[in-house]
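Undergrad: Before we start, here is the structure in question, set down as structure tokens.
The values are calculated or read from the model by the stated rules, or taken from the named source; none is laboratory data. For clarity, every value in this text was computed on a predicted model and none was experimentally measured. Heads up, the Cβs are rebuilt from the backbone with ideal geometry, glycines too, and the neighbour counts pull from every protein chain shown.
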Amino acid sequence: MTDVFGDLVGQDEAVDTLRRAAASAAALLRAAVPVAAGAPAGGYDDLDALAEELDGTDADPPPAPAAEADPGAGMTHAWIFTGPPGSGRSVAARAFAAALQCVHGTGCGSCPGCHTTLTGTHADVRLVVPDGLSIGVGEMRALVLRAASTPSGGRWQVVIIEDADRLTEAAGNALLKAIEEPPPRTVFLLCAPSTHPDDISVTIRSRCRVVPLRQPPPAAVAEVLVRRDGIAPDVAEWAAAAAQGHVGRARRLARDPEARQRRDAVLAVPRRLTGVGAAFDAASALIEAAEAEAAASVVEIDEAERTALQTALGAGGTGRGAAGAMRGAAGQLKDLEKRQKSRATRAQRDALDRALVDLAGFYRDALTMALRAPVAPVHTDTAALAGAGAQKWDAEGSLRRLEAVLECRAAIEANVKPRIAVEAMMLALWRG
Ligand SMILES: [Zn+2]
């Protein structure tokens, strides 16, 4: 059994930072030293006892002097995880949340604290997934308010904000207030593509510690596919290269024949663009393939979450308190369904974006071949086709096509209707 950081591929530096912070956080809890001034005086003894109880030890040695002298060295109230899609921003945030709630303070991966955090049922961990395309101020205010309460498990109140770059300005301000004057036991974990002001306001950024995640190198991705998932080395290598550093995508390509078929269909697009009608057909096919992929990617995790929640709620229980539990359960199930619906919408956009990244990889291969640049192709299986394209289009034509794909991604990111953006791209790819 690996610990909670086992899923973070090729991120040794970030994992090291997070492990140290988790250890420091655990030391703070043991010593009951408030992270910031303002913790209620007189509460330390209780917290100490509670921490010891959770730890399963009754005579902890006093904390290391370093932790006491400089509690800010390892642990802080607000973090930003940055990195390209697929690098594992939200995986890192969840793993860190689990380590903070771990009864051993390490993120062991098997205790109730780790387990409930990773399955999304821990009472003191709130996950914000943008509902639709931005996180509104109402949602953020409610969240900040709840995050200020005392952690019921005696450790930390953790708020994970996925896609913090999608905060509205007002929501960002509400969050900033909470980060500026954090309740002593509250930790905010933000995920964003970068710390560019377009993604995260400068003021929020200045209050957070940044954990940069890099695009994992294909070799590291291939290694984890072989080690953890038992995938044959040659398949793992191919999938890691084709997925361009996106771990989840690489795993799906290696394991799921349908994912491979969808990718093949995307990479067949350049060949199929023989006229205007064909361009529109290709646009439809691309969008429908993204929808199918999105549906396939969420069905498994949706089901797992529903089962975990039902188990946690003791579905089918009878006796005193069952009626009250049922009322609470209905609310939690409704929350879960809302979260899952928002995830499905995002999954469609993500799937379309991955298809566009595949397509961009193809034209990038054509461009590097036209330039005779000494770099390995992204898609080894369509290298011959890209070579033919390179001859026909030359570097300039390949670059124009690559740019058409990247413009389409940018347009969708800027809220242009996906079908319109994709149709415009297909026409540009056909005309050159
Ligand atoms: Zn644990």
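The rows are residues; the columns are (1) touching a helix residue (DSSP H, G or I) at 6+ places or on another chain (Cβ under 6 Å); (2) surrounded by 18 or more Cβ atoms within 10 Å (Cβ to Cβ); (3) farther than 21 Å from Val210 by Cα; (4) modelled with pLDDT of 90 or more.
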residue: Val137; (1), (2), (3), (4): yes, no, yes, no
residue: Ala142; (1), (2), (3), (4): no, no, yes, no
residue: Ile160; (1), (2), (3), (4): yes, yes, no, yes
residue: Ala171; (1), (2), (3), (4): yes, yes, no, no
residue: Arg185; (1), (2), (3), (4): no, yes, no, yes
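Undergrad: State which residue pairs qualify: first residue exposed (fewer than 13 other Cβ atoms within 10 Å of the Cβ) and at pLDDT 95 or above and inside the stretch 403-432, second residue among the acidic types (Asp, Glu) and in a helix (DSSP H, G or I) in any location, beta carbons under 7 Å apart, and separation of 6 or more residues or different chains.
TA: Sorted first by the residue in the stretch 403-432, then by its partner, the list stays empty.
Undergrad: While we're here: Mind listing whichever residues of the stretch 1-30 are within 13 Å of the ligand (Cβ to nearest atom), within 19 Å of the chain's Cα centre (by Cα) and either part of a loop (DSSP other than H, G, I, E, B) or basic (Lys, Arg) (or both)?
TA: Correct list: Asp3, Arg19.
Undergrad: I've got another one for you. Whether any residue in the stretch 91-106 is small (Gly, Ala, Ser), on the phi > 0 side of the Ramachandran plot and modelled with pLDDT under 65 is what I want to check. I'd like the intermediate steps shown before the answer.
TA: Within the stretch 91-106, the first condition is being small (Gly, Ala, Ser), and the residues that meet it are 92-93, 95, 97-99, 105.
From what is left, the residues that are on the phi > 0 side of the Ramachandran plot are 105.
So of that shortlist, the ones also modelled with pLDDT under 65 come out as none.
No, that holds for no residue.
Undergrad: Give all pairs with beta carbons closer than 6 Å in which a residue from the stretch 256-282 that is closer than 23 Å to Val298 by Cα meets a residue that is loosely packed, with under 14 Cβ neighbours inside 10 Å; count only pairs at least 6 apart in sequence or on separate chains.
TA: none
Undergrad: Can I ask one more? Looking at the stretch 113-135, can you tell me whether even one residue there is of a type in the set (Gly, Ala, Ser), farther than 22 Å from Leu309 by Cα and out of contact with any Cys (no Cβ under 8 Å at 6 or more places or on another chain)? Don't jump to the end; show me each part of the working.
TA: In the first step, residues of the stretch 113-135 are kept if they are of a type in the set (Gly, Ala, Ser); the result is 113, 120, 123, 132, 134.
Next, from what is left, pick out any that are farther than 22 Å from Leu309 by Cα: 132, 134.
Okay, now just the ones that are also out of contact with any Cys (no Cβ under 8 Å at 6 or more places or on another chain), so 132, 134.
Within the stretch 113-135, one or more residues are of a type in the set (Gly, Ala, Ser), farther than 22 Å from Leu309 by Cα and out of contact with any Cys (no Cβ under 8 Å at 6 or more places or on another chain).
Undergrad: Let me ask something additional. Please note which helices (runs of 4 or more DSSP H) are completely contained in the stretch 215-319 and include at least 3 residues that are more than 30 Å from Ala14 (Cβ to Cβ). Before you say what the answer is, go through the steps one by one.
TA: Values: elements: 218-229, 233-242, 247-255, 257-267, 269-272, 276-312.
Where helices (runs of 4 or more DSSP H) fall fully within the stretch 215-319 and carry at least 3 residues being more than 30 Å from Ala14 (Cβ to Cβ), they are 257-267, 269-272, 276-312.
Undergrad: Tally the residues that are within 16 Å of the ligand (Cβ to nearest atom), surrounded by 21 or more Cβ atoms within 10 Å (Cβ to Cβ) and among the β-branched types (Val, Ile, Thr), restricting the search to the stretch 73-126.
TA: 2
Listed here are the residues, each with its yes/no results for (1) of a type outside the set (Lys, Arg); (2) modelled with pLDDT of 80 or more.
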{"site": "Ala290", "(1), (2)": "yes, yes"}
{"site": "Ile301", "(1), (2)": "yes, no"}
{"site": "Arg306", "(1), (2)": "no, no"}
{"site": "Arg320", "(1), (2)": "no, no"}
{"site": "Gly324", "(1), (2)": "yes, no"}
{"site": "Gln348", "(1), (2)": "yes, yes"}
{"site": "Ala355", "(1), (2)": "yes, yes"}
{"site": "Asp365", "(1), (2)": "yes, yes"}
{"site": "Ala376", "(1), (2)": "yes, yes"}
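Undergrad: So, in the stretch 377-390, exactly how many residues are in a helix (DSSP H, G or I) and in contact (Cβ under 8 Å) with a residue 40 or more places away in the chain?
TA: Filtering the stretch 377-390 down to residues in a helix (DSSP H, G or I) leaves 380-390.
Subset that is in contact (Cβ under 8 Å) with a residue 40 or more places away in the chain: 380-382, 385, 389.
Qualifying residue count for the region: 5.
Undergrad: Output the residues belonging to the stretch 185-196 that are under 16 Å from the mean Cα position of the chain (by Cα) and more than 28 Å from Leu28 (Cβ to Cβ).
TA: Residues satisfying the conditions are Pro193, Ser194.
Undergrad: Identify all residues within the stretch 224-241 that are surrounded by 15 or more Cβ atoms within 10 Å (Cβ to Cβ), in contact (Cβ under 8 Å) with a residue 40 or more places away in the chain and either of a type outside the set (A, V, I, L, M) or over 28 Å from Ile80 (Cα atoms) (or both); write none if there are none.
TA: Of all residues in the stretch 224-241, those surrounded by 15 or more Cβ atoms within 10 Å (Cβ to Cβ) come to 224-226, 231, 235-241.
Restricting the remaining residues to those that are in contact (Cβ under 8 Å) with a residue 40 or more places away in the chain gives 224, 238, 241.
The answer is Trp238, and nothing else.
Undergrad: Another question, if that's okay. Limited to the stretch 363-376, what total is found for residues that are within 32 Å of the chain's Cα centre (by Cα) and either part of a helix (DSSP H, G or I) or closer than 24 Å to Val422 by Cα (or both)? If you could, list the steps in order and put the result at the bottom.
TA: Filtering the stretch 363-376 down to residues within 32 Å of the chain's Cα centre (by Cα) leaves 363-368, 375-376.
Filter again for either part of a helix (DSSP H, G or I) or closer than 24 Å to Val422 by Cα (or both), leaving 363-368.
Of the residues in the stretch 363-376, 6 are within 32 Å of the chain's Cα centre (by Cα) and either part of a helix (DSSP H, G or I) or closer than 24 Å to Val422 by Cα (or both).
Undergrad: Kindly list the number of the only condition in (1) within 24 Å of Cys408 (Cα to Cα); (2) in a helix (DSSP H, G or I); (3) of a type in the set (Asp, Glu); (4) within 22 Å of the chain's Cα centre (by Cα) that fails for Asp199.
TA: For Asp199, the exception is condition (2).
Undergrad: Starting from the stretch 81-107, keep only residues that are under 24 Å from Pro193 (Cβ atoms), then list their pairs with residues that are within 11 Å of the ligand (Cβ to nearest atom) and assigned to a loop (DSSP other than H, G, I, E, B) whose Cβ atoms are within a distance under 6 Å, requiring at least 6 positions of separation or different chains.
TA: Cβ pairs passing all conditions: Ala98/Gly107; Ala99/Gly107.
Undergrad: For the stretch 203-221, which positions are of a type in the set (A, V, I, L, M, F, W, C) and in contact (Cβ under 8 Å) with a residue 24 or more places away in the chain? Don't jump to the end; show me each part of the working.
TA: Residues of the stretch 203-221 that are of a type in the set (A, V, I, L, M, F, W, C), as a first pass: 204, 208, 210-211, 213, 219-221.
Within the stretch 203-221, Ile204, Cys208, Val210, Val211, Leu213, Ala220, Val221 qualify.
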